[in-house]
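Worksheet: the structure to be examined is printed underneath.
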Amino acid sequence: MTFTDFETVIELRRYTLHPGRRDELIELFEREFVEPQEAAGAHLFGMFRERASPDKFVWLRGFPSMAARKAALEEFYFGPVWKEHREAANATMIDSDDVLLLRPVRRGLSAPPPGSGLHVAISPPASPPDSAFAAFETEPSENTFPQLPVRADGPFSVWFSRTPLGAGVELGLEATSRSLIR
């Protein structure tokens, strides 16, 4: 199964963290936030370090629909786990609002082994390059969970590849210790 076999709504979340706090957030995230979000209905399928930006943390989660996204986010963010650990998580962050809400155009991203590379290109709407194995476009629906802002400065096309894409803004990512893509 690839991560987009069932998801029609994808969040690409890119956090800017206080200097030197990325590993602290990743450890907290892996220990406390993965299972509760999945139990609430979110499918977490990737957590990454940006190679060129030591204070960036990128992660992906998917939902079968906008209604399912709203329900899952309400359950998690209004629930006991987030309430208990939100201050610790938020203390690591400078900005958590660089979020793209996407829908698949071409499916097919498989699990990267921990420490392996993944390239993400973000650009104005365009056809995916041949080297892309998963492609997305901006989801035009209204954000149904406004407590978590999403970018509205699009539209964008987003492509994933195992090799550099050379298109738009490219993020070279390295998988964290916990492979979440199934």
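Taken over the stretch 57-81, the criterion of being among the basic types (Lys, Arg) and modelled with pLDDT of 95 or more is satisfied by 69, 70. Within the stretch 40-54, residues that are closer than 19 Å to residue 24 by Cα reach partners that are among the acidic types (Asp, Glu) and at pLDDT below 90 with beta carbons closer than 9 Å, at six or more positions or on different chains, in the pairs 48/174; 49/174; 50/174; 51/174.
The values are calculated or read from the model by the stated rules, or taken from the named source; none is laboratory data. All values derive from a computational prediction rather than experimental measurement. All Cβ positions, even for glycine, are placed from backbone atoms using ideal geometry, and neighbour counts span all protein chains on display.
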